[in-house]
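Worksheet for the structure shown next.
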Amino acid sequence: RSPGFINSAPPELRPVFEANFAAIRSEPCLVRLDVHGNALEGTVPAETAGMGELTALLLHGNRLRGGLPTPWMGLCCGYDGTHASILFHGGVPLRTGFNNAATNEVLRSLEVLDVSANALDANVGWTLQALSTLQRLSSVDLSRNRLRGELRQADLQYKWWDVETADSYGPVLGFQPLLLLKLAANGFGGALPAALPPKLLMLDAGSNRLAG
């Protein structure tokens, strides 16, 4: 293992992910976590939200289920992948940060996320809205999961308020740096959005149930 990196190819890791995350979380300078292609089960640990130096999180090819952790959304909410009870500011969700930490501490450095080929079964809209609040995210792969619900225009044009600047500035438009978005082979419905994130170079939404 090089400093700041954790890489693990099969068959080295076979745990339930949440229960075995303490050692990884204790690495304060970790910038890349690669545990793809194992047999990790359970859900993505909520504590990942506090890994402020992490730039790449590669969890593809495991057996993870459920949705993204509540703190990833950066909202005051109870989030189960389908519904949320959210604090609003002028009708727009209010982003507050992880455990009352500053907003920019929630995965503040994350650029690459790959959770493809798992069993994530959350609502596609809430999942995209959660990810849109991560301000450096440029590459997202959610393909080959079981995301459900309907893709809506608002999910790729999501706006939220930063709790620290809500009284001084307007709402923030998410997905500003996003270049790559893979959503193929999930099974969600809806329509292909008419407007996309401004820098997006590739959108793969094949093998779903989009219509219209």
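Read the figures in this text as sums done on the coordinates, not as results from a lab. Note that the structure is predicted; figures quoted are calculated from it, not measured. Glycine gets a Cβ as well: all are built from the backbone with ideal geometry, and neighbour counts include every protein chain shown.
Based on Cβ point charges of +1 for Lys and Arg and -1 for Asp and Glu, what charge dipole magnitude is obtained for the stretch 108-151 about its Cα centre, in debye rounded to the nearest 20? Numbers along the way, then the final one.
On the way: 5 positive and 5 negative charges, 13 e Å.
For this selection, approximately 60 debye.
By the scheme Lys and Arg +1, Asp and Glu -1, what is the net charge of all other residues having a beta-carbon under 15 Å from that of SER143?
+1
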